[in-house]
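The values are calculated or read from the model by the stated rules, or taken from the named source; none is laboratory data. Computed from a predicted structure; not experimentally measured. Neighbour counts run over all protein chains shown; Cβ positions are idealised from the backbone, glycine included.
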Amino acid sequence: RDVLRELLTTDKVVATRGDNVYFGRRNSKEETRASIAAAKEKQDSQGKKKADNVNHNVTEAKLTGPQVFARVSRRSFGAGSMKPERILATVPEGERLGILTHPSWLVSHSDAMDNHAIRRGRWVRERLLGGGIPDVPITVDAMLPDEPQNTLRERMRVTRQEYCWTCHKKMDPLGLPF
């Protein structure tokens, strides 16, 4: 088996019911209006005062597949779970492929404020490709500028300086596509 190819191209994902929205298709303005109107009509016909919590901007995907036991740790979700609440689904045509584009992998290499493309690139270089990246020299302040008005790529201009680029040319191209 070609493990690297499978990691980069698999169309399988461990999913929950909530992932139907994530893998759904964005509605056009007309479809959104029609969805809102249909929900309002349904609410009125059932005599409900409160609307259901529905994302009218997305047509949910219909992810199906066999149930799988995916252990969820107590540390992450309270008491934990060993229920087969997850399925091994095939993502819809045209969606992201490969483990490296799955939301769980992207989030694990991010934080609340930044997506850490450099950290992801280093991880891919060292863990998947078996390469090495030297540690940051102690004399270097390895921080991107705090410029919220600029995109990540614009803020990463500091990594293009000759001294930094010798290492960053091995990481940045691998982390930025994700």
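So that you can scan it fast, the table gives a plain yes or no per residue for (1) modelled with pLDDT of 75 or more; (2) surrounded by fewer than 17 Cβ atoms within 10 Å (Cβ to Cβ):
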residue	(1), (2)
Gly94	no, yes
Pro103	no, yes
Ala117	yes, no
Arg122	yes, no
Leu129	yes, yes
| Residue check, Gly65 of a type in the set (Gly, Ala, Ser), under 21 Å from Asn20 (Cβ atoms) and at pLDDT 65 or above | yes
| message | Being of a type in the set (Lys, Arg), out of contact with any helix residue (DSSP H, G or I) (no Cβ under 6 Å at 6 or more places or on another chain), at pLDDT 80 or above and surrounded by 14 or more Cβ atoms within 10 Å (Cβ to Cβ) is true for just one of Lys42, Lys12, Lys29. Which residue is that? | response | Lys12
| request: Taking only the range 16-65 into account, find how many residues are part of a helix (DSSP H, G or I) and touching a strand residue (DSSP E or B) at 6+ places or on another chain (Cβ under 6 Å). | output: 1
| said: Filter the range 8-50 down to the residues that are of a type in the set (A, V, I, L, M) and touching a Gly at 6+ places or on another chain (Cβ under 6 Å) and list them by number. | reply: Leu8
| request: Starting from the range 114-131, take each residue that is closer than 14 Å to Arg153 by Cα and list its partners that are among the polar types (S, T, N, Q) and modelled with pLDDT of 85 or more, counting only C-beta distances under 9 angstrom and pairs at least six apart or across chains. | output: Ile118/Thr159
| query | What helices (runs of 4 or more DSSP H), lying completely within the range 89-178, carry at least 1 residues that are under 19 Å from the mean Cα position of the chain (by Cα) and among the hydroxyl-bearing types (Ser, Thr, Tyr)? | reply | 103-108
| said: Return the pair list, or none, for Cβ contacts closer than 8 Å from residues in the range 12-39 that are within 20 Å of Gly94 (Cα to Cα) to residues that are in a helix (DSSP H, G or I) and modelled with pLDDT under 85, at least 6 apart or on different chains. | reply: Val13/Asp19; Tyr22/Pro103
| request: Any chance you could count how many residues in the range 9-47 are farther than 16 Å from Pro103 by Cβ and either within 19 Å of the chain's Cα centre (by Cα) or not aliphatic (A, V, I, L, M) (or both)? | output: 19
| field | Inter-residue pairs, beta-carbon under 7 Å, first under 20 Å from Thr101 (Cβ atoms) and without any contact (Cβ under 8 Å) to a residue 60 or more places away in the chain and in the range 155-178, second in a helix (DSSP H, G or I) and of a type in the set (Ser, Thr, Tyr), 6+ apart | value | Asp172/Thr159
| task | Note down all Cβ pairs under 7 Å where the first residue falls in the range 44-63 and is under 24 Å from Lys12 (Cα atoms), the second is of a type in the set (A, V, I, L, M), and they're at least six residues apart or on different chains. | result | Val58/Val21; Glu60/Val21; Leu63/Ala15; Leu63/Ile87; Leu63/Ala89
